[in-house]
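The values are calculated or read from the model by the stated rules, or taken from the named source; none is laboratory data. All values derive from a computational prediction rather than experimental measurement. Heads up, the Cβs are rebuilt from the backbone with ideal geometry, glycines too, and the neighbour counts pull from every protein chain shown.
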Amino acid sequence: MNYRPLLKEEIDFLLSRDCRADDWSGVEISDPSALQYVRNVRFSGTVRFGRFQEVFTLPGGVRKHSGLRNVTLHNVTVGDDTLIENVTNYVANYTIGAHSYIENVDLIVNEGPCRFGNGVEVSVLNETGGREVKIYDRLSAQLAYVLAMYRHRPVLIDRLNRLIDEYAQAQSSEWGSIGNYVCIRNTRHINGVRIGDYAIVSGASRLRNGSVNSNATAPVTIAHGVIADDFILCSGSHVSDNTSIERVFVGQCCHLGHGYSASDSLFFSNCQEENGEACAIFAGPFTVTHHKSTLLIAGMFSFMNAGSGSNQSNHMYKLGPIHQGILERGAKTASDSYILWPSRVGAFSLVMGRHVTHSDTSSLPFSYLIEQQNTTYLVPGVNLRSVGTVRDAQKWPKRDARKDPDRLDCINYNLLSPYTIQKMFKGIQLLKNLQYSSGELSDIYSYHSTKIRNGALRKGIHYYQTAITKFLGNSLIKRLENLPSGASDEAIREALRPTCPIGRGKWVDMSGLIVPIEAVRELLDRAEEGSVSLESLSENFHQLHSQYYDAEWTWAYDKYADFFGYPLERITAGQVVEIVKRWEEAVIRLDKELYEDARKEFNLASMTGFGADGSKEVKEMDFTEVRGDFESNAFVTAVLEHIQAKKALGDELIARLQG
């Protein structure tokens, strides 16, 4: 934009409108007609502004013309059609975009060189340090996972930190910035904050040293009473209602509200945190807590829901808060649960009661951990038959609210994957070893500071075998979906042959990204050597994410010989038919268990509190009107349809194989 100094008559005009300047030569304009919308402004340093033609229509129908009114400006550039009105103190060292609305603000200032939250160290997991993650605008859950959990590779960590420092230094500026179409109202202090396009800041108390990475596709909202220091807010995030954050990264489409308090914590895509408190947590995608009495501390979570009163302890009054814990993906805590770190809970498990024995159930996913008389009882695999588990798996992809096409985090939603199935293989062997060492008739088995009852152990083996059959059958059928009718054994083998070079060996969950460990190591080796930038590292994570299903088949390919006794390199059509039949049985058996679990929600005990003033018949009628009847429930009908669909899918493949 072309600016020019003021003419003498223009200065006189501004003086007549109660404007003052230390040096009028520092005031420049691009459109003389804008001066009629400037009143009671104190100019200091270099101030530039463009045209003022837009009229803002506020809620209730009030209209305000763009311009500058009742404000002190020091070293400020104001874009076209922006309104700045009623700033109690001043605006200093800021570039403000076009079509923005700033009203009733106490102070907007940038003091000296500022990195806007980039490069701030967050002491995640260990409050005393050792797992610090340096945050920056484009931090992903996967890179943060490496920075926090790969401390056994100090050269790699040093290399990544230097790259982040270089990025942070590149963001350093004497000038803060406010983008286009930004609304800032009734806010007190903004100090050293970079605010992106279309952001809404309404009623915030203090924002200091941070970035608000808002854009047109995914605006950021900061609302009443928010206090934020040393922070980064990613696109689509929402922070409101007296929330207080310090040294915090808030990922895409996260919601923090209702007085939530967080320090030294990382929140990644689609987290929702309300009422409670967080300290030094690594909250992977879809970490959710809603209750005032809930404290999450020094833990790593993802796809997690914390019940009311959930709590953890990260020190034992010895060397301080040095302990940490992990709830693997999909783990839940029931109301009033307590875990004494260090501890590790297996994927998709449920924690009930108070647990102080430092258990590790990572090899036994989909379990219950139940406390009885200060003892942790483990029920392996039982969560595979839970309606809640399946409902969670269905709702997560539907609740992914990210509208920004530039998605930072890689998120795999699969309930059954090489990551969980490898644990089930290990879990079956582990449970059988317990049977062998303690005897099949033992009432109680001991494992990693937990107790497993005999019946629970036997059922656990059964649940894991059923889930493995389902997973391997799913993979096989998907691989053969385009196989022509009557194909020869050699054609079947060719269709089943893996096409992806990665996948064999151990798989890991990198806070949402399910990936073979060898692929990760190869990538990190290149990063350690200095041949990978932050941008290309992110691109490589996304590439691994896009290769998931091909790599999954590479992993599954070798498992058929171990589990079914049929090596795929010598498989016949008849053996495929046998696998498909076993798969049908497993799917139907598991769905029937889900069906029966859902029925519990409709028994007489569940009707307690319904039909308060009537008979049993009134109670049942009231329950049906509110909750509906069992057979027409959406989940129940979906289970029945799933049984029919899977049976039809299996029968169709069998018919093709038999020509």
Just checking, how many residues over segment 229-262 are more than 12 Å from the chain's Cα centre (by Cα) and farther than 20 Å from Ala168 by Cβ?
-> 15
Out of all the residues in segment 365-380, is one or more under 32 Å from the mean Cα position of the chain (by Cα), touching a residue at least 12 places away in the same chain (Cβ under 8 Å), buried (at least 18 other Cβ atoms within 10 Å of the Cβ) and more than 21 Å from Asp336 (Cα to Cα)?
-> yes
Kindly check whether there is at least one residue in segment 43-56 that is within 15 Å of Glu85 (Cα to Cα) and without any contact (Cβ under 8 Å) to a residue 12 or more places away in the chain.
-> yes
What is the residue count in segment 1-31 for residues that are in contact with a Lys or Arg (Cβ under 9 Å, 6 or more places away or on another chain) and closer than 17 Å to Asp80 by Cβ?
-> 7
Give Ile502, Ile517 a once-over and let me know the one that is free of Cβ contacts under 8 Å to residues at least 40 places away in the same chain and in contact with a strand residue (DSSP E or B) (Cβ under 6 Å, 6 or more places away or on another chain).
-> Ile517
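Yes or no, residue by residue, for (1) in contact with a Phe, Trp or Tyr (Cβ under 7 Å, 6 or more places away or on another chain); (2) part of a strand (DSSP E or B); (3) buried (at least 21 other Cβ atoms within 10 Å of the Cβ):
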{"site": "Arg208", "(1), (2), (3)": "no, yes, no"}
{"site": "Ser211", "(1), (2), (3)": "yes, yes, yes"}
{"site": "Pro219", "(1), (2), (3)": "yes, no, yes"}
{"site": "His224", "(1), (2), (3)": "no, no, no"}
{"site": "Asp241", "(1), (2), (3)": "no, no, no"}
{"site": "Ser265", "(1), (2), (3)": "no, yes, yes"}
{"site": "Ser293", "(1), (2), (3)": "no, no, no"}
Just a yes or no: is a residue in segment 480-490 surrounded by fewer than 16 Cβ atoms within 10 Å (Cβ to Cβ) and either in contact with a strand residue (DSSP E or B) (Cβ under 8 Å, 6 or more places away or on another chain) or aliphatic (A, V, I, L, M) (or both)?
-> no
Residue that is surrounded by the most Cβ atoms within 10 Å (Cβ to Cβ), among those in segment 70-93 that are charged (D, E, K, R) and touching an Asp or Glu at 6+ places or on another chain (Cβ under 6 Å) | Asp81
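Do you know which of the residues in segment 316-338 that are β-branched (Val, Ile, Thr) and free of Cβ contacts under 8 Å to residues at least 40 places away in the same chain is nearest to Met300 (Cα to Cα)?
Ile326
Quick one: which residue in Pro321, Pro342 is over 20 Å from Tyr377 (Cα atoms) and out of contact with any helix residue (DSSP H, G or I) (no Cβ under 8 Å at 6 or more places or on another chain)? Step through it out loud before you land on a result.
Values: Pro342 fails: over 20 Å from Tyr377 (Cα atoms).
Going through Pro321, Pro342 in turn, the sole match is Pro321.
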Out of segment 495-517, which residues are outside any strand (DSSP E or B) and farther than 26 Å from Val576 by Cβ?
-> Lys506, Ser511, Gly512, Ile517
Residue satisfying condition, being touching a Leu at 6+ places or on another chain (Cβ under 7 Å), among the hydroxyl-bearing types (Ser, Thr, Tyr) and either surrounded by fewer than 20 Cβ atoms within 10 Å (Cβ to Cβ) or free of Cβ contacts under 8 Å to residues at least 60 places away in the same chain (or both), within set Ser66, Ser33, Ser16, Ser25 | Ser66
Segments classed as helices (runs of 4 or more DSSP H), wholly inside segment 548-640, with at least 3 members that are touching a strand residue (DSSP E or B) at 6+ places or on another chain (Cβ under 9 Å) and either more than 24 Å from Lys426 (Cα to Cα) or at pLDDT 75 or above (or both) | 548-557
Over segment 151-179, the set of residues in a helix (DSSP H, G or I) and either closer than 14 Å to Leu513 by Cβ or of a type in the set (Val, Ile, Thr) (or both) is Val155, Ile157, Ile164
Within segment 100-113, considering residues that are part of a loop (DSSP other than H, G, I, E, B) and touching a Gly at 6+ places or on another chain (Cβ under 9 Å), the one surrounded by the fewest Cβ atoms within 10 Å (Cβ to Cβ) | Gly112
If we scan segment 437-449, do we find a residue that is farther than 15 Å from Asp509 by Cα and modelled with pLDDT of 95 or more?
-> no
The number of residues in segment 444-457 that are under 35 Å from the mean Cα position of the chain (by Cα) and not in a strand (DSSP E or B) is 4
Could you tell me which of the residues Tyr90, Tyr94 is assigned to a strand (DSSP E or B) and either without any contact (Cβ under 8 Å) to a residue 12 or more places away in the chain or under 21 Å from Asn213 (Cα atoms) (or both)?
-> Tyr94
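Tell me which residues, restricted to segment 524-547, are among the hydroxyl-bearing types (Ser, Thr, Tyr) and part of a helix (DSSP H, G or I). If you could, list the steps in order and put the result at the bottom.
Restricting attention to segment 524-547, the residues satisfying the condition of being among the hydroxyl-bearing types (Ser, Thr, Tyr) are 531, 533, 536, 538, 546.
Of everything in segment 524-547, those that are among the hydroxyl-bearing types (Ser, Thr, Tyr) and part of a helix (DSSP H, G or I) turn out to be Ser536, Ser538, Ser546.
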Note down all Cβ pairs under 6 Å where the first residue falls in segment 389-407 and is within 10 Å of Gln252 (Cα to Cα), the second is exposed (fewer than 15 other Cβ atoms within 10 Å of the Cβ), and they're at least six residues apart or on different chains.
-> Lys403/Thr217; Asp404/Thr217
Taking the stated definitions as given, is His315 at positive phi and part of a loop (DSSP other than H, G, I, E, B)?
-> no
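Looking only at segment 32-62, count how many residues are in a strand (DSSP E or B) and either among the small types (Gly, Ala, Ser) or modelled with pLDDT under 95 (or both).
The total comes to 3.
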Quick one: which residue in Ser442, Ser446, Ser475 is touching a residue at least 40 places away in the same chain (Cβ under 8 Å) and hydroxyl-bearing (Ser, Thr, Tyr)?
-> Ser475
For residues that are at pLDDT below 95 and either outside any loop (DSSP other than H, G, I, E, B) or over 21 Å from the mean Cα position of the chain (by Cα) (or both), tally how many sit in segment 114-150.
-> 4
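Let's see how each residue does on (1) farther than 21 Å from Asp409 by Cβ; (2) crowded, with 18+ Cβ neighbours inside 10 Å:
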| residue | (1), (2) |
| --- | --- |
| Ser123 | yes, yes |
| Ser140 | no, yes |
| Ala144 | no, yes |
| Arg153 | yes, no |
| Leu156 | no, yes |
| Ile190 | yes, yes |
| Tyr198 | yes, yes |
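Condition first: farther than 17 Å from Lys451 by Cβ and surrounded by fewer than 21 Cβ atoms within 10 Å (Cβ to Cβ). Now tell me which residues in segment 345-363 satisfy that.
Once the filter is applied, which keeps residues that are farther than 17 Å from Lys451 by Cβ and surrounded by fewer than 21 Cβ atoms within 10 Å (Cβ to Cβ), segment 345-363 yields only Ser362.
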Subset of segment 322-336, residues assigned to a loop (DSSP other than H, G, I, E, B), under 21 Å from Thr389 (Cβ atoms) and under 20 Å from the mean Cα position of the chain (by Cα), comes to Glu328, Arg329, Gly330, Ala331
